[in-house]
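Chemist: Structure below; questions to follow.
What follows draws every value from the coordinates through simple rules; no lab data is involved. Remember, predicted model here, so these are calculated numbers, not experimental data. Cβ placement follows ideal geometry from the backbone for every residue including glycine, while neighbour counts extend to all protein chains displayed.
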């Protein structure tokens, strides 16, 4: 079954289970869209960083053998609207199924639900696999409870993932050290210097300016 899988700009997880196997019937769709640059005003560093990360992600996975449709910002085939881009790619590639990863943003979540309802082919969604929690884990945990104390959820997650735990008790004998964290910083330990990555982003900057983003 020919399948298109959508990857959004904040879903660049090479360890996602989607990429465990190379399938010639699966094509990954990525697009740099005005829909995403224009719905609110973004700092140019954020826009450039997103596009550079998306392009590097596509490049790396293509070298591994995965198949991509990638629409850059000024590509004449880029319709700059998510629903139009998806519909065009489905039609041009005789796709039988559309898949996507659950978005982290409500706006996109609702848009993708509406898009799937309008499609004439099968569709489904999967977890992004980049959070400790599943989408409804917090909601399910507090279901039926009268008090929503974050500390209780925090402790459950510590136990579930065995984070700083010895058997069923917290390492160090305490669940948190909030009192210590409220103390004034004395200058020690020293603040580490930032990590710098040298990247030539002039080409993307010129593309962003050309598009009047």
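Chemist: Could you tell me what fraction of 2.2 N^0.38 Å the Cα radius of gyration of segment 1-144 comes to, as a two-decimal ratio? Write down the numbers at each step before the final one.
Modeler: Details: Rg = 15.6 Å, N = 144, 2.2 N^0.38 = 14.5 Å.
The reported ratio for this selection is 1.07.
Chemist: Give, to the nearest whole percent, the P(r) tail of segment 137-178 beyond 18 angstrom, counting all Cα pairs.
Modeler: On the way: 264 of 861 pairs.
Here the tail beyond 18 Å accounts for 31 percent of pairs.
Chemist: Using the alpha-carbon centroid of each, what span in Å lies between segment 72-126 and segment 2-39?
Modeler: Measuring centre to centre over Cα atoms gives 10 Å.
Chemist: Moving to a separate point now. Between the helical axis of 150-161 and the dominant principal axis of the chain, each derived from Cα atoms, what acute angle in degrees is found, rounded to the nearest 10?
Modeler: Helix 150-161 and the main axis of the chain meet at about 80 degrees.
Chemist: Based on alpha-carbon centroids, what's the gap between segment 127-172 and segment 195-213 in Å, whole number please?
Modeler: The two parts, judged by their Cα centres, are 40 Å apart.
Chemist: Measuring from label point to label point, each 7 Å out along Cα→Cβ, what is the residue 121 to residue 154 span in nm?
Modeler: A separation of 4.6 nm, rounded to one decimal place.
Chemist: Still on this model: With both bridge residues required to lie in the chain, what share of the DSSP beta bridges run antiparallel, to the nearest 5%? Could you put the intermediate results ahead of the total?
Modeler: Details: 2 of 20 bridges.
Close to 10 percent.
Chemist: Taking only the Cα atoms of segment 84-167, how large is their convex hull per residue, in Å³?
Modeler: Numbers: hull volume 12.5 nm³, N = 84.
It is 148 Å³ per residue.
Chemist: Another question about this same structure. How high is the relative contact order of segment 22-113? Use alpha-carbon pairs under 8 Å, at least six apart in sequence, and give a whole percent. Each step should come with its number before you reach the end.
Modeler: Details: 60 pairs, mean separation 33.4, N = 92.
Result for segment 22-113 is 36 percent.
Chemist: Then there is this: In a Gaussian network model over the chain where Cα atoms closer than 10 Å are linked, find which of 155, 182, 135 has the largest mean-square fluctuation.
Modeler: 182
Chemist: Order by neighbour count: 29, 12, fewest other Cβ atoms within 10 Å first, most last.
Modeler: Values: 29 23, 12 18.
Lowest count first: 12, 29.
Chemist: A further question on this structure: Within 10 Å of each residue's Cβ, count the other Cβ atoms and sort 143, 159, 58 from fewest upward. Provide the component values of the computation, followed by the final result.
Modeler: Details: 143 8, 159 13, 58 18.
Taking fewest neighbouring Cβ atoms as first place, the list is 143, 159, 58.
Chemist: Going by how many other Cβ atoms sit within 10 Å of their own, how do 175, 185, 18 line up, fewest first? Write down the numbers at each step before the final one.
Modeler: Working: 175 13, 185 7, 18 20.
Exposure proxy ranking, most exposed first: 185, 175, 18.
Chemist: Taking only Cα atoms, what is the 0 to 90° angle, nearest 10, from helix 44-63's long axis to the longest principal axis of the chain?
Modeler: 70 degrees
Chemist: Given a cut-off of under 8 Å on Cα pairs at least six residues apart, what relative contact order in percent is computed for the chain? Display every interim value, and only then the final one.
Modeler: Numbers: 183 pairs, mean separation 50.3, N = 213.
This gives 24 percent for the chain.
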